[in-house]
Amino acid sequence: MSQTPPPDEGKDIKPKLNLTISYDGTPVTVKVKANMKFEKIFHVVEQKFNKQAGTFKFTYDGTRVAKEDTPAGLGMEDGDQIDAHLEQLGGGSSR
């Protein structure tokens, strides 16, 4: 008599996280996989805020989030918040 494995056995189950991205006091919640690169997440968020790609820089716990990072790599958990800031170029002294 052969045993059939339970439906979930042998499958790679990747839990999804709900991350909140906040810009200018407006939060947006996105559901992401723990191993998804932030490049894809940033693109979605920039579209939701009607901004061009590369407009924002993102921080998590005060540390800049790179597009190659993943939520799992940063130790994020469900419900964590990422802050979006407008990218500021220049502004230095002209002396």
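Net charge in the neighbourhood of Ala84 (other residues with Cβ under 13 Å of its Cβ; Lys, Arg +1, Asp, Glu -1) is 0. Principal axis extents of the Cα atoms in the stretch 16-84, from largest to smallest and rounded to whole angstrom, are 27, 22, 22.
Compared with the direct C-alpha span, the chain from Ala66 to Gln81 gains 3.9 nm at full extension, assuming 0.36 nm per residue.
Where a number appears in this text, it was derived from the coordinates with a stated rule and is not lab data. Since we're looking at a predicted model, the values are computed, not measured. In this analysis, Cβ positions are derived from the backbone assuming ideal geometry, glycine residues included, and neighbour counts consider all displayed protein chains.
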